[in-house]
Amino acid sequence: MKVLANDGISQSGIDALEKGGFEVITTTVAQEQLINYINEKDITVLLVRSATTVRKDLIDACPNLKIIGRGGVGMDNIDVEYAREQGRSVINTPAASSHSVAELVFGHLFGLARFLHNSNREMPLEGDSNFKGLKKAYAKGTELKGKTLGVLGFGRIGQATAKVAIGAGMKVVAFDPFIDEANLQLDFFDGQKLNFNIKTISKEDVLKQVDFLTLHVPAQDKYVIGKPELDIMKDGAILVNAARGGVVDEVALVEAISSGKIARAALDVFEKEPKPEMQLLMNPALSLTPHTGAATNEAQDRIGTELAEQIISILK
Ligand SMILES: NC(=O)c1ccc[n+]([C@@H]2O[C@H](COP(=O)([O-])OP(=O)(O)OC[C@H]3O[C@@H](n4cnc5c(N)ncnc54)[C@H](O)[C@@H]3O)[C@@H](O)[C@H]2O)c1
């Protein structure tokens, strides 16, 4: 049986599938040629990440396609319900990248707290002519230890981020309309474990008290953070969005930065991907990454092997 990994798959995933007797094709087939390719090559499993879309037309036109797999979490690029109604299996790997996203959030947080995002932009330009000036400009950094991190959305990634925060000595407060409390287990290098029970509080209470705010909610119809929410926050707070473009109102964020309400922010996801607004890309108060929250070797390995295990158990 043939597996088409149209948006790529880790070598560990290929190895596991081949060991299970599958042929793995890693060619990236253009969206408009996908239906023909799947039928001509008699593909049984189509694996995608976020680039390839799997809509009704493809599902109808490819009757021999048995499994549609998404490496990662969000399945907005797949007509999941329709595919399932048509008897196809739709699988994903919801937990594989949680810790990777959490670490990216902290990359941004540590960087923003010490102006690394700007220092890295300006040292190549002025590091030899204005060393003292830059040293002064970036002198008023802050530590994360002892500060309060607010987590909006206390699911897999929110909880993974909270664990890193606790490890860094932060206080964690969280809001999630569907989770009242969560037990977080921190595992240490020498086998010791520590458990933390965190009860969620109201969104307003989170917003009022945090020094740093991070969002880990799914895609929504309306902004989770817009002007009214930013207005509640402490002056000079720092915000990170590594959830989904469209959960933070980018215009309101830029305005809040201009007014000093929000000191600095990080964006890994954008309302307009893959062409984020220029006013975001050029803003010196923003630390930016091109949607690389899940892009670690470890997460990709886990995604590949988890998909392979599920495919083998469904088809064998
Ligand atoms: N940056 C990246 O590369 C990257 C990678 C993976 C996932 N993500 C995104 O991260 C987000 C979280 O993923 P996850 O695996 O933790 O999902 P999850 O389903 O485990 O957790 C999401 C949580 O958000 C809560 N929630 C829903 N609406 C809310 C709201 N309005 N306010 C507060 N909480 C709300 C839900 O109850 C749920 O507990 C998703 O949007 C996902 O697409 C981003």
Normalised by the empirical 2.2 N^0.38 Å for globular proteins, what value does the Cα Rg of the chain take? 1.11
On Cα atoms only, tilt of 297-315 relative to the major axis of the chain in degrees: 30
How long are the three semi-axes of the equivalent ellipsoid of the range 1-145, in whole Å, if each is the root of 5 times an eigenvalue of the C-alpha gyration tensor, listed from largest down? 46, 16, 15
For the range 59-102, what is the convex hull volume of the alpha-carbon atoms per residue, in Å³? 69
Taking the Cβ of ALA16 as the centre, find all other residues whose Cβ is under 15 Å away and add up their charges (Lys, Arg: +1; Asp, Glu: -1). -3
Share antiparallel - DSSP beta bridges, the chain, percent rounded to 5: 15
Pairwise over distinct Cα atoms, reciprocal of the mean inverse distance: report the Kirkwood radius of the range 195-250 in Å, one decimal place. 12.2
Violations at 29 Å Cα threshold for listed pairs LYS145/LYS234; LYS140/LYS199; LYS19/LYS193 -> LYS140/LYS199; LYS19/LYS193
For helix 116-126, report the angle its Cα long axis makes with the longest principal axis of the Cα atoms of the chain; keep it between 0 and 90° and round to the nearest 10°. 80
Most mobile listed residue (ALA96, ALA294, ALA83) in the chain, GNM with C-alpha springs under 10 Å: ALA83
Over all alpha-carbon pairs of the range 254-313, lay out the pair-distance distribution in 5 Å bins, whole %, shortest bin first. 4, 15, 18, 15, 12, 10, 9, 8, 5, 3, 1
Report, largest value first, the span of the C-alpha coordinates of the range 62-197 along each principal axis, in whole Å. 67, 39, 33
Taking only Cα atoms and a 10 Å spring cutoff, compute GNM fluctuations for the chain and point out the largest among GLN220, GLN31, GLN192. GLN192
Just to confirm a number: summing +1 for Lys and Arg and -1 for Asp and Glu over residues other than GLY169 whose beta-carbon lies under 15 angstrom from that of GLY169, what do you get? +2
Treating only the Cβ atoms of Lys and Arg (+1) and Asp and Glu (-1) as charged, compute the dipole magnitude of the range 232-273 about its Cα centre; round to the nearest 20 debye. 160
Net +/- balance of residues flanking VAL269 in space, Cβ distance below 11 Å, scoring K and R +1, D and E -1: -2
Work out the length of the dipole vector of the range 23-92 about its Cα centre, built from +1 on the beta-carbon of each Lys and Arg and -1 on the beta-carbon of each Asp and Glu, and round it to the nearest 20 debye. 200
Of the residues LEU134, HIS117, LEU58, the Cα lying farthest along the dipole of the range 1-150 towards its positive end, which is defined by charges on the beta carbon of Lys, Arg, Asp and Glu, belongs to LEU134
Starting from the Kirkwood radius over alpha-carbon pairs of the range 237-284, derive D by Stokes-Einstein at 4 °C in a medium of 1.567 mPa s and give it in µm² s⁻¹. 120
Given springs between every Cα pair under 10 Å in a Gaussian network model of the chain, which of LYS41, LYS234, LYS203 has the largest fluctuation? LYS41
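A short reminder: the numbers here are calculations on the coordinates, not readings from a lab. Note that the structure is a prediction, hence the values are computed from the model and not measured. Reconstructed Cβ throughout: ideal geometry from the backbone, glycine too, with neighbour counts over all protein chains shown.
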